[in-house]
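Reading through the structure tokens given below for one structure.
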Amino acid sequence: MNCASAWKGLSVPEAEFDRYAGDYADQHAASIRMSGETPDFFANYKIEDVARALAKTGRRPSRILDFGAGIGNSLGPMRAAFPDAEIVLLDPSAQSLEMAAERFPGQARFVPFDGQTIPFPDRQFDLVFVACVFHHIPEQLHTKLLSEIGRVLATDGSLFLFEHNPLNPLTRHAVRNCPFDEDAVLIAANEMRARIAAAGLPEARTVYRIFFPRPLARLRPLERYLTRLPLGAQYFVHAVKSAA
């Protein structure tokens, strides 16, 4: 797939991911089979991490943006974790958003966009959540889109950006074998954090996640001691927007 075409200002119905929307769930499940887990596991752990991190700060978001939300895999756990929040799913693929709306009627707002400008005013959201999106976006668009995320993020609001870790061999295998990832360019965590800082969000930390596949799940309680070790299957960068 030419993933760049979904992010170059094309009209939303032409977004490249439209042609994968119907098969996304099956293709995703097949690509992660070696982990022994389902897509729901990966969606749930991300939201659990976000909720846990925010609980430590005492902040509870009232307005959430799921950037690049696709068919809405994160919406179920997100709604469970933040039942009173206003949630917006944003994606350049209109067909994906239609599927998300069918799966979760009335649970969120489903908003298409042109792949460049987030259609909301400044400081609109307390939390922006991004789950494995930027490896599909051409590098030259990263700073602009991350700046857009920073623009709509409220003061003291949080960005949680999850990505695949290119240093993990199982991750690289999963991406190689996933049709909608055929043109994906994986991004090292230090580079992703640098791009977020360049976009105006320098107050950030990196956390590595998912070190053990399901057959070794009994070892997962140890992961809280491994979050700085750059070998997890995925990572997230948590950035906070300062008042300056």
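Every number in this text was worked out from the coordinates using simple rules, so none of it is lab data. Please read all numbers here as calculations on a predicted model, not as lab measurements. Every residue, glycine among them, receives a Cβ derived from its backbone with ideal geometry; neighbour counts consider all protein chains shown.
Segment ALA55..GLU139, full-extension length gain: 27.0 nm, with 0.36 nm per residue of separation and the alpha-carbon distance subtracted.
Neighbour counts of C-beta atoms inside 10 Å place GLU148, GLU48, GLU163 in the sequence GLU48, GLU148, GLU163, starting with the fewest.
Of the trypsin sites (Lys or Arg not before Pro) found in the range 206-244, the ones in coil according to DSSP and having at most 13 other Cβ atoms within 10 Å of their Cβ are ARG228. Modelled this way, with points 7 Å down the Cα-to-C-beta line, the labels at SER242 and ARG220 are 3.6 nm from one another.
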